[in-house]
1. If you compute semi-axes √(5λ) of the Cα gyration tensor in Å for the structure shown, which of [x] 32, 20, 17; [y] 34, 16, 15; [z] 25, 20, 15 do you land on?
2. Show which aspartates and glutamates lie in cross-link reach of residue 103 when reach means a straight Cα distance below 18 angstrom and same-chain residues fewer than eight apart are skipped.
3. Would you work out the relative contact order for the stretch 18-102, in percent, from Cα pairs under 8 angstrom that are 6 or more residues apart?
4. In whole angstrom, how far apart do the alpha carbon centroids of the stretch 55-95 and the stretch 132-149 sit?
5. Just subtract the alpha-carbon distance of residue 66 and residue 19 from 0.36 nm times their residue separation and send over the number in nm, one decimal.
6. Order these by the 10 Å Cβ neighbour count, fewest first: 129, 59, 13.
7. Treat every Asp and Glu Cβ in the stretch 91-177 as -1 and every Lys and Arg Cβ as +1, leave all other atoms uncharged, and give the resulting dipole magnitude about the Cα centre to the nearest 20 debye.
8. Give the lysines whose C-alpha is closer than 21 Å to that of residue 100, dropping any in the same chain fewer than 8 places away, or say none.
Amino acid sequence: MSHAAERVPYGYEPPIERNRGTLIYYDSFERVSDEELDAAVETAEARSFARIVLYLIHEETVRRMSKLPAVAYHKREKRLLEWKRERGMEQAEIDGWEGKRKKYTPIDAALRHLTETLPAPHFLYLSPEMANTFASFASFEDWIVKIRLILATEPEEVHPRLERYRDRWDVAAGLAECHTSDTVF
């Protein structure tokens, strides 16, 4: 390692790192439009996140969480890859962990994987329906103190646990004033 002195102008201060943390979009991406994906990326940019990760859940996980049939994992993943290519969204990453598992993955295991492998702070971007489903799980209260939620839109109905932790979540649609803020809450 060299101990050579660097020359900088008088009064120079290194730039402040404004990007930090990870926005994790947890969804099946079956009924998510390209515009909704664009809005998630815009939210990540407005909040100055270092990374945005699209976490695609397996069809078995979708069936257990919502009781609805789901298109095969690889077809939904292909659609996301096409969206990235068409829109030039190289900053959006697709986490393929659940695709490698090829089976039902509880949200606890998924969040444990994501929080251990991605830089903190962690924000979970959810649809209102997925947020209510997440709030219905017994482990919700353990996770809500470790992560924060950003809901894509204002929910029509709010689960009682989600309402109890109202200070731990926000709605992405109300981010117009966030463009001027330097902080990620």
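1. Answer label, from the structure shown: [x].
2. Hits, sequence-local ones excluded: 27, 30, 59, 60, 77, 95.
3. Relative contact order, the stretch 18-102: 34 percent.
4. 22
5. Working: separation 47, 0.36 × 47 = 16.92 nm, distance 3.44 nm.
Residue separation times 0.36 nm, minus the Cα-Cα distance, leaves 13.5 nm.
6. 13, 129, 59
7. Here the size comes out at about 460 debye.
8. The qualifying lysines are 75, 78, 84.
Taken together, the values in this text are just the output of simple stated rules run on the coordinates, not laboratory data. Quick caveat: nothing in here was measured; it's all calculated off a predicted structure. FYI the Cβ positions are ideal-geometry reconstructions off the backbone, even for glycines, and counts take in every protein chain you see.
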